[in-house]
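**Student:** I have a structure I would like to understand better, so I am pasting it below and will then ask my questions one at a time.
None of the figures in this text is laboratory data; all of them are computed from the coordinates on show. Model, not experiment: these values are computed from the prediction. So basically every Cβ, Gly included, is an ideal-geometry build from the backbone, and we count neighbours across all protein chains shown.
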Amino acid sequence: MIALSTSRTLVALTATALLVAGCGGSTGSGDAAGSSPGGPAATGGVPQLSDQQAPPEQLVIDVTIKAGEVSPTNEQLKSKVGDPIVVRINSDAADQLHVHSNPEHTFAVEPKFGQSFQFTVTVPGKVDVELHDLNRTIATIAVQ
Ligand SMILES: [Cu+2]
């Protein structure tokens, strides 16, 4: 989907794998949001002492959607597992924000200013942040 309209030669290989996994039913909403996977394993096992580590850094992506144009597109960003990632959007149109993390996140973008969507990524990897209606990739976040 997205890869078709962007640099198709460069990302063809990786995008195919990602898109097959993440975008098969892009219209279906998060009915698979059941909290069963990873539930017991993720709780309590990780020692996170507050004085041992700096507070999580927050990655903020400011996005503007105006007259069918998106800014930015194809940003290359970095984040860490568990760090909050915030997408702030000023938009003049409705769209669907799709985060290709595992599990994925889908947010409804409304035609208004000052929207803010936050998520965290729990599985390391490359996470595409896409606008499905406009068929654009805002950013790819390398999560470590
Ligand atoms: Cu997508």
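**Student:** If the reach is capped at under 27 angstrom between alpha carbons, list the lysines near K126, excluding any in the same chain fewer than eight residues apart.
**Tutor:** Within reach: K66, K78, K80.
**Student:** Follow-up question, since we're still on this one. Which value, in debye to the nearest 20, describes the size of the charge dipole of region 65-144 about its Cα centre when Lys and Arg Cβ atoms bear +1, Asp and Glu Cβ atoms bear -1, and nothing else is charged? The partial results should precede the final answer.
**Tutor:** Numbers: 7 positive and 10 negative charges, 55 e Å.
Dipole of region 65-144, to the nearest 20 debye: 260 debye.
**Student:** Near the amide H of I61, under 5 Å away, which other amide H atoms are found, from residues 5 or more places off or on another chain, if H is placed in the peptide plane?
**Tutor:** Under 5 Å from the amide H of I61: V86, V87, R88.
**Student:** Using θ = phi - 60° and the Karplus form 6.51 cos²θ - 1.76 cosθ + 1.60, what ³J(HN,Hα) does each residue of region 62-72 get, whole Hz, x for Gly and Pro?
**Tutor:** With coefficients 6.51, -1.76 and 1.60, one gets 9, 10, 10, 10, 8, 6, x, 10, 10, 9, x Hz.
**Student:** Right, here's the next one. What residues have an amide H closer than 5 Å to that of N74, excluding those fewer than 5 places away on the same chain, when H is modeled at 1.01 Å from N in the peptide plane?
**Tutor:** Long-range HN contacts for N74: T137, I138, A139.
**Student:** Collect residues whose amide H, placed 1.01 Å from N in the peptide plane, falls under 5 Å from the amide H of D83; neighbours closer than 5 in sequence don't count.
**Tutor:** Result for D83 returns V121.
**Student:** If you don't mind, there's one more thing I want to ask. Could you state, as a whole-number percent, how many of the C-alpha pairs of region 54-95 are farther apart than 13 Å?
**Tutor:** Numbers: 507 of 861 pairs.
Of all Cα-Cα distances in region 54-95, 59 percent exceed 13 Å.
**Student:** Starting from the Cα of K78, move 7 Å in the Cα-to-Cβ direction to define the label point; list residues of region 117-144 whose amide nitrogen is under 15 Å from there.
**Tutor:** From region 117-144, the list is 125-127, 140-144.
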